[in-house]
Every structure is written in C-alpha cells, then in structure tokens.
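Trainee: Sharing a structure, written as structure tokens. Questions coming.
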Amino acid sequence: MQLLLTFSRLIDWLNERVGQTAYWMVLAAVLVSSGNAVVRYVFDYSSNAWLELQWYLYTSFFLLGAGYTLLRNEHVRIDIFYSRLSPRTRAWIDLLGGLFFLLPIAILVMALAWPVFTESFALHETSPSANGLLRWPVKLMIPVGFCLLALQGVSEIIKRAAFLMNLIPDPTPHHVHGEDELTPHDLVEGEER
Amino acid sequence: MSAFIIANIGPLMFAMLIILLMIGYPVAFSLSANGLLFGAIAIHYGLLGPELIQALPQRVFGIMSNDTLLAIPFFTFMGLILERSGMAEDLLDTIGQMFGPIRGGLAYAVVFVGALLAATTGVVAASVISMGLISLPIMLRYGYDRRVAAGVIAASGTLAQIIPPSLVLIVMADQLGRSVGDMYQGAFIPGLGLAAFYALWVFVVSIVRPRLMPALPLEAITVRESSGKAGYASLLAVVVLAVAAAYSLAAYEIFHPIWACALVGGVAYIAALADKYLNLQLLSRLARQVVIVMMPPLALIFLVLGTIFLGIATPTEGGAMGSAGALILAFVNRRLDLKLLKQAMDTTAKLSSFVMFILVGSTVFSLVFRGVNGDLWVESLLISLPGGQIGFLIVVNALAFVLAFFLDFFELAFIIVPLLGPVAAKLGIDLIWFGVLLGVNMQTSFMHPPFGYALFYLRSVAPKEEYTDRVTGKRLAPLTTGQIYWGVIPFVIIQVIMVGIVIAFPTMVTGVLDKGTGINPNTIHFEAPPPPDSSPPPDFR
C-alpha cells in the first residue's frame, strides 16, 4: 500500500505541475483572441492560423487541466445528499465512482483517440481552411488529457482506499464546489495588502 | 425481462441517470458512465451498432473545435480579474453617495451597480462578494432591515446571469444551436426589466414600510461641495447634456447609436478629468466623481457588448477584449500582481475543464439516448401536453424552477436543454425566446435557498458574529442565514413574475432581433415560425 501511495503522490505531483503550467495558456488565449479582433478591425486582415490558435490553446488547457481539476476536487457534483454523508461513505462513493464511472470513459476515449492522432501525424494532416495549422498537436491533446485524467482517477482511488484502511487522513480537499474559487477570504486579504 | 428492457430502454436510461447523479460523484463522469452502460446494453440487445462508441473521439473533437464555447473561459477570466480590480468598490462607494440621501437609496445603488457589473461580466460571485463587503456593512450601520439588505444584494448579484454577457446565455446558444449575439440581444430587455423590477420592489417597500430602509444621515454623505450642497444640479445637467448629445448624434444618423454613446462618454470623461486636475470648478464634486467611476464599466461594456452588437467582434473575441480591458484596468488601479493573475488563470482553467467535461459526459449520454430513441420518448411526453406552446412552456418552466433547487445552471443547461430544445422547435417556439426564458428561470438556481450560490457567497462575507461597527462604535447583531433565505424570497417571486411576462410578451425578446442589426440575420428565424395567433403579441404602436 505504501508503494501505491508513493505512486499516488507522484501522480498528484505530475498533475499539479501540468495543471499549473497549462493555465498560462488562458492568458495566451486572451492575448491571441483579443489581438485577432483588433487586427481584423484595424488592418482588415485575419489569419486562419491565428484564429485556430485560439481554440488550440483553449482545448489544450481544458484537456490538460482535467486531471488537475480532479486533483482539486473541482469537477462539479450534485451534492444535495453527498454533502450530508459521513467522510467514510463519501470515500466509498469516490472509490467506486472512480473505478466504475471515471476510469471506463477515460480509458476508452484515450484508447480510441490514440489511433486518430497517429493517423493525423502520419498524414501531416492540416486544417481544411487556408493557411490552417497542423492538426496532430491538438489531436494529441485528447489521449494525453484523458490519460492524465485516468492517472489522477487512479491516484484518487488509491487515496480513498488508504483512507478507508485508516492509513491516511481524509484526502478530500475541503471546499464547496463553485464557479469561482477566489474565496472571500482572499478578497479581504487583498484589501488589506 | 429483456423484452421489457428493450421496450423501455429510454425511460430506464433516464431514471438511471437521475439515480447516478444523485449519488454525488462528479456529474461529468456519472453522465458518461450512464451513457456507456446503456450503450453496452443496447449493443448487447442489438439496438445499436458498436460504431456508435467508435464515434466518441470525433465527438470530443467536435466539442473542442467549437468556437462558441471559447467565450466561457474569457468571460470567467474577465470576471475574476474585475472582481479584484477595485472597480466594484469605487462604483458602490460613489453610487451609494449619489443615492444615499433618499429613502432606500443604498438599495437602489446595489441594484444599479449590480446591473452595471452584470453588463460587464458573466460571473455572479464578483458582484455579490463586493456588495456584501462594501454595501452590507453600511446598510446594517444605518438601520436597514436585514432581510431586505440581504435579499437585494443576493438578487442584484445574480443579474450577471441574465444580462449579457453571461455564461448561461453562451451555453444556451450553443445547446440550442443559435448565435450568441442573438441570444445576448434577446436577453437585454428582460435582463434590464428584472433590474427595474428589483428597483420597483425597493420603491414599494420604501413607501409601505419606510422604516425598513432609511435614508442615510447627513454625516454619512462625504462627497459634498465645500458649501455643504449636495451637487445634484450639476450632475443632472451633465446627464441631460450627455443624453441629449448622444441622442442627437444618433438621431441625425451622424454615428451609429453605440458609437455615439461611446463618443459622448469619452468626452464627459475627459471633461471630468480636466475639471478635477485643472480645478476648473465646472462640475460639482459629486458629478465629477460619478462620471469618473462610471467610465471603466461603461468602457468595458462598450468593449464587450458594443463590439459584439456592432458586429466588430464575435462574442468570443468580445470576451477576450473584455479580459484584456479588465487586465488593463486592474493594472492602472495597481491591483494586478502575479498572485492575482495566477489565481484567475487557475480558476478559469479548472472551470473550463469541468464545464467541458460535463459537455463530454452529456455528449456520451445523448449519443446513446438518441440512439435508443430516448429523445422521441421525451418528445412524445412533452408534445402531447395540453395547451400547445403555452402549456409546454409552463410545464417546462415549472420543471426548470424545481430542478434549479438541486442543480446549478451548467448541469441544467447541458442535461435538460438538449432534450427540450428539439421539442420546442417542433412546437414552433422561437429558440432565442425559449433560451432567454429558461435563462431568466435558471437565474433562480442562484437564489434558491439553501443551495443558491449567491446566498452562499453572501453568507461567506456577511458578519457571522456580533461585531462592533467601525464608524458608530455600536454593537451590531450578525446577519443570520435565515435572514438571507427570507430576504431573497421576494426576489424569487419577482423572477417567476418575469418568466410569466416573457411568456406572455415574446416580443420583449424577439422584437429586438427583428429590427435586424446585421449580426447573422439568417440565423434568427431558422426553423421557428412566429408564434401562432393563440397568444397575440401586444401591439404597442
């Protein structure tokens, strides 16, 4: 079990790093997209490559961030009953949910999407629009993103099992899911700064 | 047994979905697990071919390359940056000063600022938290009724959900296959109408029960002339002058109305700044300050909504430009640092991820659900409702209202709307109208006790224990959770009334579109004929 927990910590570390690197693409997407609008209006010029870059960036950060989002327990739940359950019952739900809900879809999509990527890579597929970008980098994001998600799923399962065996404290991050994670506490801190 | 399963696989799948969702595992994966489970069952019984599952990567790719949804992270990011840019604080302070001396003034200020913030961003948390931190203590200090104060803050914060640019409307447009720009235009009047109703409610309460919302005492009004005058005459003159100038520029077709407003706003801003720094004494302090604080939000509204409505930018680009504008504003106000930027990017990435994975999950679900003709089952249930269009709309809205107690709008929009949209189209309901209607309705999901987000955000910043007021030094009681819950109830009722009004007067939504503003005119009435004569739209002419 200790070995598994080490593996789980390794996955957590990986997704933490990936997630916190990937989120810079949010800023990149903002700059690219606003730049596109300004350039098109002012110079009456638009480039398909730059337009496609918008959604390439978006896709990359939402797919690469999937495992990180799971690590932070931010995938929304309907917690009307869940929030009233004991920590052990919740751990059981997360354990079984991880095994039977999350892993099947993550592995299935990963397996099905891999050949889609290799084919695109082999053919040097480009987008159908003029001056479009190469397709394979964005197609690679599907198997990679779902792989990171599956890995994080495994890590969460290990942590829940270890908790149920009384090896570690409750691993669930304490927070209420929401669209906005900047907590009021942060805001007050910001005021004082 | 198997005959029963085959005959009822659609309803069974739907029932199972409800059970799986209620367990509390993340919605995205419960949805896809349900899809895969029933996909396997359907393939087992020969109802579907295995190629359906093979199509999954293609579906995921389709979700990725969807330009509309790209607006979601932009508007989220913009809201998060704005929340800390200091704009809301400046607005609440100054507008509070402006309305303060009249009865219920602070409540009007909250509604007004709520609507203004709503028109710059699509995120509820920002306005509720700012108003809870800034306006609530002042309201409590000067003896506002606690329920009234809590209700008006929570409700005004949720205006961000319906006044464009809002995330709800983006998702709604995507799920109903309409353009976001049209959805935004359609939602404008109902959204502002709601704000007007909130203000009307404040007015009614201030007449019937004046003690619940007293005017601020004179010592609380700090923005005054040195002579002690309030300076309203000067403010009134500025407003009248600006409106007249913008109106005449637009009326004589010198400029497009949006450009006319932008120009007049810019001139007023420069005049106010000149007055301030060159000490020209043209304007009263109040007028000067109001013009100066109103400018950042108005500029953002122009940058986002103005450019979308003018057809310069797509909603996605409008969101990106709004984000850039918010960054600039935060930078100018010296609020932008690496920590804030990282937090905003972090939250945006996580929100985008969970939203998009719900969409992946609901795609898996609906791929199979349609495969086994579940959509036809839903249609047969809903299309046979008595009362045609109106019967359908009433039932659907009642359903959405109840579901909004348990689900938040992303869940509602991704699970319920794709099932209802095709039926609505078949009944001849304009899908923009339908989307706006559901948007107004789902706004209540933010206000419903006990799970509404707005209530939760307000709770988190409102005093939980007895505290000493900073200004008066008096001991004040905390704001109880019960007071927050009771406070929003009038506003939930206003919301329901608004749903009824939008059902009764579809021209509130569609009338704006019919004028044609040059944005995708061919998508406006794609397959939806105008409403039949059973519910004649009122003729105001």
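The values are calculated or read from the model by the stated rules, or taken from the named source; none is laboratory data. Not measured: the values here are computed from a predicted model. Note: ideal-geometry Cβ built from the backbone for every residue, glycine included; neighbour counts use all protein chains shown. Surface areas here come from the heavy atoms of the whole protein model, side chains and all, with no ligands, DNA or RNA. Shrake-Rupley method; radii C 1.70, N 1.55, O 1.52, S 1.80 Å.
Trainee: Using amide H atoms built in the peptide plane, which far-off residues or other-chain residues are under 5 Å from A:Thr126 H to H?
Mentor: Hits under the 5 Å cutoff: A:Arg135.
Trainee: Could you provide, to the nearest whole Å², the per residue accessible area of the range B:408-485 with probe 1.4 Å?
Mentor: 31 Å²
Trainee: So how far apart, in nm, are the two label points at A:Asn73 and B:Thr468 if each is 7 Å from Cα heading toward Cβ?
Mentor: Between A:Asn73 and B:Thr468, the label points sit 3.7 nm apart.
Trainee: Among B:376-386, B:346-356, what's the highest-first ranking by average C-beta atoms within 10 angstrom per residue?
Mentor: B:346-356, B:376-386
Trainee: For B:Gln281 and B:Val204, what does the FRET efficiency come to when R0 = 41 Å and r is the distance between their Cβ atoms, rounded to the nearest 0.05?
Mentor: Efficiency, rounded to the nearest 0.05: 0.55.
Trainee: Next question. Give me a single rounded figure for A:110-117: the average over its residues of other chain Cβ atoms within 10 Å of their Cβ.
Mentor: For peptide A:110-117, the averaged partner shielding equals 3.
Trainee: While we're here: Do you know the relative contact order of chain B, to the nearest whole percent, from alpha carbon pairs under 8 angstrom that are 6+ apart?
Mentor: Contact order relative to length: 24 percent.
Trainee: Give the interface area between chains A and B as buried accessible surface, both sides summed, probe 1.4 Å, in Å² to the nearest 100.
Mentor: Approximately 7000 Å², summed over both chains.
Trainee: Determine the share of the range B:256-382's accessible area contributed by carbon and sulfur atoms, expressed in whole percent, with a 1.4 angstrom probe.
Mentor: 68 percent
Trainee: Same structure again: Determine ³J(HN,Hα), in whole Hz, for all residues of the range A:31-43 in sequence, where each value follows from phi through the Karplus function 6.51 cos²θ - 1.76 cosθ + 1.60 and θ = phi - 60°; x replaces Gly and Pro.
Mentor: Working through the residues one at a time gives 5, 4, 6, 5, x, 4, 5, 5, 4, 5, 6, 7, 9 Hz.
Trainee: What do you get when you divide the Cα radius of gyration of chain B by 2.2 N^0.38 Å, with N the number of residues?
Mentor: Normalised Rg, Cα atoms only: 1.03.
Trainee: Between the alpha-carbon centers of the range B:254-309 and the range B:443-482, tell me the distance in whole angstrom.
Mentor: 34 Å
Trainee: Take the residue pairs A:Lys139/B:Lys426; B:Lys276/B:Lys339; B:Lys342/B:Lys474; B:Lys276/B:Lys464; A:Lys139/B:Lys350 and return only those whose Cα atoms are more than 30 Å apart.
Mentor: Those over the limit are A:Lys139/B:Lys426; B:Lys276/B:Lys339; B:Lys342/B:Lys474; B:Lys276/B:Lys464.
Trainee: Assuming 0.36 nm per residue, please report the length gained on full extension of the stretch B:Leu476 to B:Asn66 beyond their Cα-Cα distance.
Mentor: 142.4 nm
Trainee: Work out from phi, with θ = phi - 60° and the Karplus expression 6.51 cos²θ - 1.76 cosθ + 1.60, the ³J(HN,Hα) of each residue of the range B:419-432, listed in order in whole Hz, and give x for Gly and Pro.
Mentor: 6, 8, x, x, 5, 4, 4, 5, 7, x, 8, 4, 6, 5
Trainee: What does the net charge come to around B:Pro478 if you take all other residues with beta carbon closer than 13 Å to its beta carbon, with K and R at +1 and D and E at -1?
Mentor: Computed value for this residue: +1.
Trainee: Any idea what the alpha-carbon Rg over 2.2 N^0.38 Å comes to for the range A:1-45?
Mentor: It is 2.09.
Trainee: Summarise the partner chain shielding of B:51-62 as one whole number: the mean count of Cβ atoms from other chains within 10 Å of each residue's Cβ.
Mentor: Other-chain Cβ atoms within 10 Å of each residue's Cβ, averaged: 4.
Trainee: Report the extension gain between B:Glu219 and B:Ile102 in nm, rounded to one decimal, defined as 0.36 nm multiplied by the number of residues separating them, less their alpha carbon distance.
Mentor: Using 0.36 nm per residue and subtracting the Cα-Cα distance, I get 40.7 nm.
Trainee: Using a Förster distance of 60 angstrom, determine the FRET efficiency expected from the C-beta separation of A:Thr118 and B:Ile394, and round it to 0.05.
Mentor: 0.70
Trainee: For the protein assembly as shown, what does -39500 (n - 2.57) per DSSP helix run (n ≥ 4), summed and divided by total residues, give at 222 nm, in deg cm²/dmol to the nearest 500?
Mentor: About -22500 deg cm²/dmol.
Trainee: What number comes out for accessible area per residue over the range B:65-212 if the probe is 1.4 Å? Units Å², please.
Mentor: Per-residue value: 22 Å².
Trainee: Further question: Once R0 is set to 56 Å, what does the formula 1/(1 + (r/R0)^6) return for the Cβ-Cβ distance between B:Leu236 and A:Met1, expressed as a FRET efficiency to the nearest 0.05?
Mentor: Calculated transfer efficiency: 0.15.
Trainee: Something else about it: What are the semi-axes of the equivalent ellipsoid of the protein assembly as shown, taken as the square roots of 5 times the eigenvalues of the Cα gyration tensor, listed largest first and rounded to whole Å?
Mentor: Result for the protein assembly as shown: semi-axes of 43, 30, 28 Å.
Trainee: I want to check the label-to-label distance for B:Val402 and B:Ser227. Put each point 7 Å from Cα in the C-beta direction and report it in nm to one decimal.
Mentor: 6.4 nm
Trainee: Using each residue's phi in the range B:243-260, evaluate 6.51 cos²θ - 1.76 cosθ + 1.60 at θ = phi - 60° and report the 3J(HN,Hα) Karplus result to the nearest Hz, with x for Gly and Pro.
Mentor: Taking θ as phi minus 60°, the curve returns 4, 4, 5, 4, 5, 6, 4, 6, 5, 8, 6, 6, 9, 4, x, 5, 5, 4 Hz for the range B:243-260.
Trainee: Need one number: nm distance between label points at A:Leu99 and B:Arg59, each 7 Å from Cα along Cα→Cβ, rounded to one decimal.
Mentor: Distance between label points: 2.6 nm.
Trainee: Count neighbours as other Cβ atoms within 10 Å of each site's Cβ, and list the GluC sites (Glu not before Pro) in the range B:388-491 that are DSSP loop with at most 11 such neighbours.
Mentor: B:Glu465, B:Glu466
Trainee: Between the range B:161-176 and the range B:88-138, what's the alpha-carbon centroid distance in Å?
Mentor: Between the Cα centre of the range B:161-176 and that of the range B:88-138, the gap is 23 Å.
Trainee: Okay, moving on. Can you give the angle from 0 to 90° between the axis of helix B:180-208 and the longest principal axis of chain B, with both taken from C-alpha atoms, to the nearest 10?
Mentor: 50 degrees
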